[in-house]
Amino acid sequence: MEITSRQEKILAQIIEEYAETAAPVGSMTMAKLFGVSPATIRAEMARLEAMGLIAQPHTSAGRVPTDAGYRFYVNHMNENTVASEESFESRSMHALEKRVTSQSRADAAIRGAVDSLVELTGNLGLATIGGQLYLSGMSRLFTQPEFMDYERVQAVAKLLDNLEPWLREAAPGEPLNIFIGHENPIGKNSEVSLIISKFQSPFSDNSYIGVLGPTRQNYFRVMSLVKYAGKMLEETL
């Protein structure tokens, strides 16, 4: 896929703007940010749309990222992204660590880590504890504007119903596993991202902790926190 440096920056800005506002991003907004004309931005947006990285909802003149756009962004997040989030991450990771290390039992530590992820990301948190799946933050998830659609809520429910057996069978092997939108094994039309970290615990060598949230989210922040939670639990337990 041929993409210029400016197109990559525009895509990243659309993703980050959409994560904050949940509203399609227009050319006027981008033009002000990049100091170029709206016509120039519209031309670049048309190229990004032709590549399948952004799309135009029927009811809006703005653009939203596609699953492919999010995947490109996640795979190409750069040092500038890391630097801009660094101070926030330090405070969040400290809060998560404090919550976990204050627990005396392994199951309570895992639940504490999940509850912290819910508070810090606004997503639904999940973890495997023995042969069970612990879920927290369902109400937080369904207050997101994406889930005003009943069919989408049903698709999320289907995914959650089948997640624990799928994790047991598939056993994703990377320290951090990211499934965006249609990449999800179940509930492909739910427009959610599943971000999970594998870790060793007293219950299993293949324990998992993570979050499930809308595809519209701050990926760097969430990925960093989920990966840290898995690493910290493995070291603590």
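Ala50 meets the conditions (1) at pLDDT below 75; (2) more than 22 Å from Gly213 (Cα to Cα); (3) not basic (Lys, Arg) in every case but one. The failed one is (1). Among the residues in the range 150-173, are any hydrophobic (A, V, I, L, M, F, W, C), assigned to a strand (DSSP E or B) and at pLDDT 90 or above? There is no residue in the range 150-173 that is hydrophobic (A, V, I, L, M, F, W, C), assigned to a strand (DSSP E or B) and at pLDDT 90 or above. Residues that are polar (S, T, N, Q) and either modelled with pLDDT under 90 or not in a strand (DSSP E or B) (or both) within the range 111-149 comprise Ser116, Thr121, Asn123, Ser139, Thr143, Gln144, listed in sequence order. Of all the residues in the range 60-88, those that are within 15 Å of Gln217 (Cα to Cα) and at pLDDT below 90 number 3. Selection over the range 1-15 of residues that are part of a loop (DSSP other than H, G, I, E, B) and among the charged types (D, E, K, R) gives a count of 1.
Considering only the range 16-36, how many residues are touching a residue at least 60 places away in the same chain (Cβ under 8 Å) and either surrounded by 15 or more Cβ atoms within 10 Å (Cβ to Cβ) or not assigned by TED's automatic domain parsing to the domain that holds Ala61 (or both)?
Residues in the range 16-36 being touching a residue at least 60 places away in the same chain (Cβ under 8 Å) and either surrounded by 15 or more Cβ atoms within 10 Å (Cβ to Cβ) or not assigned by TED's automatic domain parsing to the domain that holds Ala61 (or both): 3 in total.
One line per residue, one yes/no per condition, for (1) charged (D, E, K, R); (2) surrounded by 23 or more Cβ atoms within 10 Å (Cβ to Cβ); (3) assigned to a helix (DSSP H, G or I):
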position	(1), (2), (3)
Phe179	no, no, no
His182	no, no, yes
Ile186	no, no, no
Asp205	yes, no, no
Gly210	no, yes, no
Arg216	yes, no, no
Ser224	no, no, yes
Ala229	no, yes, yes
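Note on the range 20-39: residues that are small (Gly, Ala, Ser), over 16 Å from Ala55 (Cβ atoms) and under 17 Å from the mean Cα position of the chain (by Cα) total 0.
Pick from Ala127, Ala155: which is crowded, with 17+ Cβ neighbours inside 10 Å and closer than 23 Å to Met93 by Cβ? Among Ala127, Ala155, only Ala127 is crowded, with 17+ Cβ neighbours inside 10 Å and closer than 23 Å to Met93 by Cβ.
Within the range 182-225, the residues that satisfy the criterion of being of a type in the set (Phe, Trp, Tyr) and either within 14 Å of Tyr73 (Cβ to Cβ) or outside the structural domain of Met138 (by TED's automatic domain parsing) (or both) are Tyr219, Phe220. If you go through the range 161-191 and keep only what is within 12 Å of the chain's Cα centre (by Cα) and in contact (Cβ under 8 Å) with a residue 40 or more places away in the chain, you end up with Leu176, Ile178, Ile180, Gly181, Glu191.
So the check is Cβ under 8 Å with 6+ separation or different chains; which pairs have a first residue in the range 210-237 that's under 15 Å from Met93 (Cα atoms) and a second one that's surrounded by fewer than 19 Cβ atoms within 10 Å (Cβ to Cβ) and of a type in the set (Ser, Thr, Tyr)? Correct list of pairs: Phe220/Thr81; Thr236/Thr101.
With respect to being in contact with a helix residue (DSSP H, G or I) (Cβ under 7 Å, 6 or more places away or on another chain) and surrounded by 13 or more Cβ atoms within 10 Å (Cβ to Cβ), Val64 fits the description.
The values are calculated or read from the model by the stated rules, or taken from the named source; none is laboratory data. Computed from a predicted structure; not experimentally measured. For neighbour counting, all protein chains shown are included, and Cβ atoms are generated from backbone atoms with ideal geometry for every residue, glycine included.
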